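Participant: This structure is in structure tokens; I'll ask about it shortly.
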Amino acid sequence: MPLSLTLEEEHMLSGDYGSGVQKSMDLLVQIGEAFGAERMVEISSSHLIPYEIMSASRFGVPPAKWFEDWVLEMTEGVSSFRVVTTINPAIVNPQRAIELGFKELGEIDPTESVIKGMEKYKRMGAIPVYTCCPFLIFTPRKGEHLGGAESVAVAFYNTFFGAKVNRESGPTALAAAVTGRVPEFGMHHLDSRYGQLLVEINRGLDSNKFTYADYNALAYYVGEKAQGRIPVFYGLSQNLNVTQIKYLCAPLGVSAGLPMCHIVGVTPEAPTVEIALGGRRAEDKIEFGVEQLQEAYRQLTTANDERVDAVTIGCPHATLQELGECAQLLGGEKVSPKVKLWVGTAETIRFIGERMGYVKAIEDAGGFVVTDMCAHSYSYCRGAFSRKHALGTVATNSAKAAHYIQIIGSAKTWFGSTEQCIKAAISGRWQ
Ligand code: F3S
């Protein structure tokens, strides 16, 4: 069945609202038709990953000219976005590029592109949050349709709020912000949201004692085995906090490209296992115990040298709770002069963290609380821009960071709890 459009959407497609809106609607229509959508749905927000501020320099190479032109055309004549629009972290915070050592990388200086991109999207009304946790700023209600390109934000919006969002590409999330529409397929249909893979936490494993790294390891392991099937986590505490859920959601997009999971007792659509599965039988079941946890840790750890060059916390961006935990774990001790400790967060969280004294405690110890960017981009940029700059070993409590640092940054990783990471920052060695 062809995709049917409302009168207003027809006007968008025919160019009555200008060429940028036309180009954006045309892209969404083509995507919708390819995925069998029958109509567009109105959205209330879109979360962007503009190539100018992130992907252009993430891999050390600028995007192809045709891609730049194409994205430019989608915003031609567009003075403002139609919906609440938030933006992902940049590759570097341009205000702190020198202090953070980006200029010394030499071959590609991403700051110019980042500043240009930030100004452009702000002019169009985007909220300059520069975080992968926009859910700490924009909170949708259950069933609300959204657009968005960041895997963490998408998984969190679907899983925690019960909002409906597909994992978009950079250009389609932009087109969604320009038109205020997305084609209705995938996560926008209730039927596609039911769980398919039951994940039972083995009784031998006390999930009440899980560290953030343990939640990360669980989701990373399940993502690898899921083969695109939406997991239903059964046996986790129903009192999970936002930080724990963030760490459970984050690896789903990394190891599996999954847009959501169900946490029984937490996800609005999962009060029980049966409801989460939509009354069907699970296609498969994973029992997650000590052995599986250890397997995930082994995959995320590639280092064998105890010496640590950098420690990165805050992927996804740290919550206020995490800033407090880092400050407390440092306990007035100094970071080893041979180690860079970076804690990434959103500017809004840093602001409150300053008032709480957390930022001062971390920075007095010799660490950085970096905002508007990914805390570990220094680690992977070094390897991506030039092998000769690659760091030797980076410690992190994040599966997503470990994954990228290994692949893009060409560095070895230690993966473990926040406590292990902070200890490594102080001693310069992984214990
Ligand atoms: Fe966020 Fe960057 Fe990690 S976008 S999830 S801090 S890779």
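The values are calculated or read from the model by the stated rules, or taken from the named source; none is laboratory data. A quick note: this is a predicted structure, and the numbers were derived from the prediction, not measured. Methodologically, a virtual Cβ is constructed for each residue, glycine included, from the backbone with ideal geometry; neighbour enumeration extends over all protein chains shown. Each accessible area value is taken on the protein alone, full model and side chains, heavy atoms only, with ligands, DNA and RNA left out. Shrake-Rupley method; radii C 1.70, N 1.55, O 1.52, S 1.80 Å.
Participant: What shape does the chain have by the C-alpha gyration tensor, where a ≥ b ≥ c are the square roots of the eigenvalues, rounded means a/c under 1.5, and otherwise prolate means a/b greater than b/c and oblate the rest?
Facilitator: oblate
Participant: Using a 1.4 angstrom probe, figure out how much accessible area the chain has per residue, in square angstrom, rounded to the nearest whole.
Facilitator: Value returned for the chain: 40 Å² of accessible area per residue.
Participant: Out of the total accessible area of the stretch 194-298 (probe 1.4 Å, heavy atoms of protein only), what percent is carbon and sulfur?
Facilitator: Whole-percent figure for carbon plus sulfur exposure: 41.
Participant: Would you tally the net charge around Ser14, using a Cβ to Cβ cut-off of less than 14 Å, leaving Ser14 out, and scoring K and R as +1, D and E as -1?
Facilitator: It works out to a net charge of -4.
Participant: Roughly how far apart, in whole Å, are the Cα centres of the stretch 78-148 and the stretch 289-348?
Facilitator: About 24 Å separates the Cα centre of the stretch 78-148 from the one of the stretch 289-348.
Participant: Further question: What is the sum of charges around Leu190, taking Lys and Arg as +1, Asp and Glu as -1, for the other residues whose C-beta is under 14 Å from the C-beta of Leu190?
Facilitator: 0
Participant: Using only the Cα atoms of the stretch 68-149, build the gyration tensor, take square roots of its eigenvalues as a ≥ b ≥ c, and label the shape rounded, prolate or oblate: rounded if a/c is under 1.5, else prolate if a/b is larger than b/c, else oblate.
Facilitator: Verdict is oblate for the stretch 68-149.
Participant: Per-residue ellipticity at 222 nm for the chain, helices alone: DSSP H runs ≥ 4 residues times -39500 (n - 2.57), over residue total, nearest 500 deg cm²/dmol?
Facilitator: -11000 deg cm²/dmol
Participant: Which of the lysines could a cross-linker bridge to Lys412, judged by Cα under 28 Å and excluding same-chain residues fewer than eight apart?
Facilitator: By straight Cα distance, Lys412 reaches Lys103, Lys209, Lys225, Lys246, Lys334, Lys338, Lys340, Lys388, Lys400, Lys423.
Participant: Let me ask something else. Counting DSSP beta bridges with both partners in the chain, what percentage is antiparallel, nearest 5?
Facilitator: 10
Participant: Determine the share of the stretch 74-148's accessible area contributed by carbon and sulfur atoms, expressed in whole percent, with a 1.4 angstrom probe.
Facilitator: The value for the stretch 74-148 is 50 percent carbon and sulfur by accessible area.
Participant: Would you work out the relative contact order for the stretch 301-427, in percent, from Cα pairs under 8 angstrom that are 6 or more residues apart?
Facilitator: Over the stretch 301-427, the number comes to 34 percent.
Participant: Normalised by the residues of the chain, what does the relative contact order come to in percent, with Cα pairs under 8 Å and at least six apart?
Facilitator: 16
Participant: Sticking with this structure for a sec: Quote the relative contact order of the stretch 194-298 in percent (integer), defining contacts as alpha-carbon pairs under 8 Å separated by 6+ residues.
Facilitator: 42
Participant: Something else now. Filter the GluC sites (Glu not before Pro) in the stretch 321-358 to those in DSSP coil with at most 15 other Cβ atoms within 10 Å of their Cβ, and list the result.
Facilitator: Listed in order of number, the matching sites are Glu333.
Participant: Now for a different question. If you rank Tyr215, Tyr51, Tyr17 by how much accessible surface each has, with a 1.4 Å probe, what is the order from largest down?
Facilitator: The ranking, largest first, comes out as Tyr17, Tyr51, Tyr215.
Participant: Is the shape of the stretch 194-298 rounded, prolate or oblate, going by the alpha carbon gyration tensor and its root eigenvalues a ≥ b ≥ c, with a/c under 1.5 for rounded and a/b larger than b/c for prolate?
Facilitator: In terms of gyration-tensor shape, rounded.
Participant: Using a 1.4 Å probe on the protein heavy atoms only, what accessible surface does Ile286 show? Give it in Å² to the nearest 10.
Facilitator: That residue has around 20 Å² of solvent-accessible surface.
Participant: Express the carbon and sulfur contribution to the solvent-accessible surface of the stretch 301-427 as a percent, rounded to the nearest whole number, probe 1.4 angstrom.
Facilitator: 51
Participant: Which residue, Ser237, Ser44, Ser24, has the most motion in a Gaussian network model of the chain that connects Cα atoms within less than 10 Å?
Facilitator: Of Ser237, Ser44, Ser24, the Gaussian network model singles out Ser237 as fluctuating most.
Participant: Still on this structure, please answer the following. Just to confirm a number: summing +1 for Lys and Arg and -1 for Asp and Glu over residues other than Arg307 whose beta-carbon lies under 12 angstrom from that of Arg307, what do you get?
Facilitator: After counting each charged neighbour, the total is 0.
Participant: Please report the antiparallel percentage of the DSSP beta bridges confined to the stretch 7-190, to the nearest 5.
Facilitator: Among the beta bridges of the stretch 7-190, antiparallel pairing accounts for roughly 25 percent.
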